[in-house]
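Data first, discussion second: the structure below is written as structure tokens.
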Amino acid sequence: MTEPAPPHRRPEENARHGRLAARPATPTAPGPTGLVPVPGPDREPPALVYAPAGGDGPYRLVVLLHGAGGSARQGLDLLLPLADAHRLLLLAPQATASSWDLIVEGFGRDVRRIDGLLDTLFAAYPVEGVALGGFSDGASYALSLGLTNGDLVDAVLAFSPGFAAPLVTHGRPRIFVSHGTDDRVLPVDPCSRRLVPRLRSLGHPVEYAEFTGGHEVPTPVRQRAVEWLTGPVRGR
């Protein structure tokens, strides 16, 4: 006889739907601090974890997703300079292909890998609050995965996203979106200027930061995003 599905996941929903099963728990052993490579299975590229040293209380976990053709290090660097000041536990996976599974072939391999990495972190670090963040294709994936898993993810940081395409949705995480007005890779008009109103119409609280610039994440935008993430939650 099969075990019943946990209450946070419907029986028919799994990694092929983008669903994450990992949940925060009491750590079984203290995790290392600083920059920590986490080897992937089957010789896959390692993920990177950064845990600030010192401090009391749980971390705010942010999973950071690189753009197409990028690296885990590029994902980590999105918020690394701000991690210590805001006690952010950063997890930067490496996509198993040139970009994230949803964009390449549909949810599956990367969802399972991220789920396993989350299980590892939850067993080693005290976590209060889980956010997804990313740039470009990573931002689109963060939005898609975040809307799918709003019962785990309470916030999404989407820097220059192209779209959001969840197959199922749970909860209503709050969302930060930034986009450059001169973006030539993912132009702002068909992307964020359409996406933000749609997200708001679905009931998501959205903070939108449009800036003069291209396909990039300027330092002031990163700072604003982290202050929004760690500051008081505003009403819708």
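Pairs please, first residue from segment 53-78 and at negative phi and surrounded by 15 or more Cβ atoms within 10 Å (Cβ to Cβ), second anywhere and assigned to a loop (DSSP other than H, G, I, E, B) and among the basic types (Lys, Arg), Cβ atoms under 6 Å, 6+ apart in sequence or on different chains.
Listed by first residue and then by second, the contacts come to 59/87.
Quick check: anything in segment 165-176 under 15 Å from the mean Cα position of the chain (by Cα) and more than 24 Å from residue 88 (Cα to Cα)?
Yes: one or more hits.
Somewhere in segment 206-222, is a residue modelled with pLDDT of 95 or more, acidic (Asp, Glu), under 15 Å from residue 62 (Cα atoms) and surrounded by fewer than 18 Cβ atoms within 10 Å (Cβ to Cβ)?
No - not one qualifying residue is present in segment 206-222.
Is it the case, given these coordinates, that residue 179 is over 14 Å from the mean Cα position of the chain (by Cα), within 23 Å of residue 102 (Cα to Cα) and free of Cβ contacts under 8 Å to residues at least 40 places away in the same chain? Can you show your working first?
Working: over 14 Å from the mean Cα position of the chain (by Cα): yes; within 23 Å of residue 102 (Cα to Cα): yes; free of Cβ contacts under 8 Å to residues at least 40 places away in the same chain: yes.
Spelling it out, residue 179 is indeed over 14 Å from the mean Cα position of the chain (by Cα), within 23 Å of residue 102 (Cα to Cα) and free of Cβ contacts under 8 Å to residues at least 40 places away in the same chain.
What about residue 82, is it part of a strand (DSSP E or B) and in contact (Cβ under 8 Å) with a residue 12 or more places away in the chain? Even if it seems obvious, please write down each step before you answer.
Values: part of a strand (DSSP E or B): no; in contact (Cβ under 8 Å) with a residue 12 or more places away in the chain: yes.
No; evaluated as a whole, the condition is false for this residue.
Which one is surrounded by the fewest Cβ atoms within 10 Å (Cβ to Cβ) among residues in segment 96-126 that are under 26 Å from residue 217 (Cα atoms) and among the aliphatic types (A, V, I, L, M)?
97
Does any residue of segment 12-28 turn out to be of a type in the set (Lys, Arg), modelled with pLDDT of 80 or more, surrounded by fewer than 18 Cβ atoms within 10 Å (Cβ to Cβ) and out of contact with any Gly (no Cβ under 9 Å at 6 or more places or on another chain)?
First, the residues of segment 12-28 that are of a type in the set (Lys, Arg): 16, 19, 23.
Imposing the further condition that a residue be modelled with pLDDT of 80 or more reduces the set to 16, 19, 23.
So of that shortlist, the ones also surrounded by fewer than 18 Cβ atoms within 10 Å (Cβ to Cβ) come out as 16, 23.
Remaining after also requiring out of contact with any Gly (no Cβ under 9 Å at 6 or more places or on another chain): 23.
Yes, some residue in segment 12-28 is of a type in the set (Lys, Arg), modelled with pLDDT of 80 or more, surrounded by fewer than 18 Cβ atoms within 10 Å (Cβ to Cβ) and out of contact with any Gly (no Cβ under 9 Å at 6 or more places or on another chain).
Among the candidates 198, 172, 184, which residue alone is farther than 18 Å from residue 111 by Cα and either in a helix (DSSP H, G or I) or among the aliphatic types (A, V, I, L, M) (or both)?
The conditions single out 198.
Taking the conditions exactly as written (at pLDDT 95 or above, among the charged types (D, E, K, R) and either within 19 Å of the chain's Cα centre (by Cα) or over 22 Å from residue 220 (Cα atoms) (or both)), does residue 9 satisfy them or not?
Here the answer is no, as residue 9 does not meet what is asked.
Taking residue 87, is it under 15 Å from residue 32 (Cα atoms) and surrounded by fewer than 18 Cβ atoms within 10 Å (Cβ to Cβ)?
Values: under 15 Å from residue 32 (Cα atoms): yes; surrounded by fewer than 18 Cβ atoms within 10 Å (Cβ to Cβ): yes.
Judged against the criteria, residue 87 is a match.
Does segment 174-203 hold any residues that are among the charged types (D, E, K, R) and buried (at least 17 other Cβ atoms within 10 Å of the Cβ), and which are they?
Filtering segment 174-203 down to residues among the charged types (D, E, K, R) leaves 174, 182-184, 189, 193-194, 198, 200.
Correct list: 174, 183.
Is it the case that residue 148 is over 16 Å from residue 62 (Cβ atoms), hydroxyl-bearing (Ser, Thr, Tyr) and surrounded by fewer than 18 Cβ atoms within 10 Å (Cβ to Cβ)?
Spelling it out, it is not the case that residue 148 is over 16 Å from residue 62 (Cβ atoms), hydroxyl-bearing (Ser, Thr, Tyr) and surrounded by fewer than 18 Cβ atoms within 10 Å (Cβ to Cβ).
The values are calculated or read from the model by the stated rules, or taken from the named source; none is laboratory data. Note that the coordinates shown come from a computational prediction; the quantities given were computed from them, not determined experimentally. With ideal geometry, Cβ positions are generated from the backbone for all residues, glycine too; neighbour counts draw on all protein chains shown.
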